[in-house]
Amino acid sequence: MQTDKKSHWETVYNTKTPDQVSWTQEVPKTSLDFINSFKLKKTAKIIDIGGGDSKLVDCLLDEGFENITVLDISAKALEKAQTRLGDRAKKVTWIVSDITESKPKTTFDVWHDRAAFHFLTTPEHIEKYIETATNAVTGYLIIGTFSENGPTKCSGLEIKQYTEERLTASLKQGFEKISCKTEDHKTPFGTIQNFLFCSFKKR
């Protein structure tokens, strides 16, 4: 199962350009707004879960953050991001791993996840993810998932939709909700996906 999941994402990133995948954002404004709302020092440790070749890392480097980690199941996705960043890629820690099998060797001030969590559809994988996040986060957690008005599939895979109440309940043991918002993401090919974004503070 895990091998299938990895091969799926390697194929996606090997065969598609950013304008051929639905999640591409030129500027991840909502994610940046949440991160900046925490008033962090530039030395804060930030991890982007399932970051793929997202431009969040570019924007964080532009803003002067010095301690960024990007984790993704696809080596090809991270390779694309590294190529895009050029020499700046050396300032970032890159981890190829499935988050449900990963055990971070350090803790993080901010855990950011846009559209990885909703791919976890079994109680076992969701529990593993939350356990890992709870152990790894010392400060804040940001999760973006498809809302109840969003798609039921992405990249050919089933996803799990969330309401604000459902997402908050999933994380209530380790995290206290700060705020949530929904937003429409316009894909590169013109369709609309409704996302739920929530920020949490470690209890």
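Here, each number is a calculation from the coordinates, and none is a lab measurement. Being a predicted model, the structure only gives us computed values, none of them experimental. Every residue, glycine as well, gets a Cβ built from its backbone with ideal geometry; the counts of neighbours run over all protein chains shown.
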For a label point 7 Å along the Cα-to-beta-carbon line of Thr121, residues of region 162-188 with backbone N under 17 Å:
162-163
Just to be sure I understand: of the beta bridges DSSP finds with both ends in the chain, what percent are antiparallel, rounded to 5?
50 percent
Region 92-203 - charge dipole about Cα centre, Lys and Arg +1 at Cβ, Asp and Glu -1, debye rounded to 20
240 debye
Please state the shape class of the chain: rounded when a/c is under 1.5, otherwise prolate if a/b exceeds b/c and oblate if not, all from the C-alpha gyration tensor.
rounded
Could you check what % of the DSSP bridge pairs in region 80-200 are antiparallel, to the nearest 5?
70 percent
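If r is the Cβ-Cβ distance from Glu63 to Lys103 and R0 is 30 Å, what FRET efficiency results, to the nearest 0.05?
Numbers: r = 29 Å, r/R0 = 0.96.
E(calc), rounded to 0.05, equals 0.55.
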Could you give the nm distance between label points at Ala75 and Asn149, where each point is 7 Å from its Cα heading toward the beta carbon?
4.2 nm
Using 1/(1 + (r/R0)^6) with R0 = 30 angstrom and r between the beta carbons of Thr83 and Leu32, what's the FRET efficiency to the nearest 0.05?
0.85
Sequence gap at least 6, Cα distance under 8 Å: using those rules, report the relative contact order of the chain to the nearest whole percent.
19 percent
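Please give me the summed charge of the neighbours of Ile142: other residues whose Cβ is under 9 Å from its Cβ, Lys and Arg +1, Asp and Glu -1. Present the calculation step by step, with values, prior to reporting the outcome.
Values: positive: Arg114; negative: Asp113.
Summing Lys and Arg as +1 and Asp and Glu as -1 gives 0.
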Under 17 Å by backbone N from the virtual spin label 7 Å along Cα-to-Cβ at Lys91, the residues of region 36-56 are 36, 40-48, 54-56
Going residue by residue through region 68-75, the Karplus relation 6.51 cos²θ - 1.76 cosθ + 1.60 with θ = phi - 60° gives ³J(HN,Hα) values, rounded to whole Hz and with x marking Gly or Pro, of 10, 10, 10, 10, 8, 6, 9, 5
From the cross-link list Lys45/Lys202; Lys105/Lys177; Lys6/Lys181; Lys181/Lys202, the entries with a Cα-Cα span beyond 21 Å are Lys105/Lys177; Lys6/Lys181
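Can you sort Leu171, Leu78 from fewest to most other Cβ atoms within 10 Å of each residue's own Cβ?
Values: Leu171 19, Leu78 23.
Final ranking by Cβ density, sparse to dense: Leu171, Leu78.
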Out of the trypsin sites (Lys or Arg not before Pro) in region 101-198, which ones are loop residues according to DSSP with at most 14 other C-beta atoms within 10 Å?
Lys105, Lys172
Where in region 103-143 does the amide nitrogen come within less than 18 Å of the point 7 Å from the Cα of Asp4, taken along Cα to Cβ?
119-126
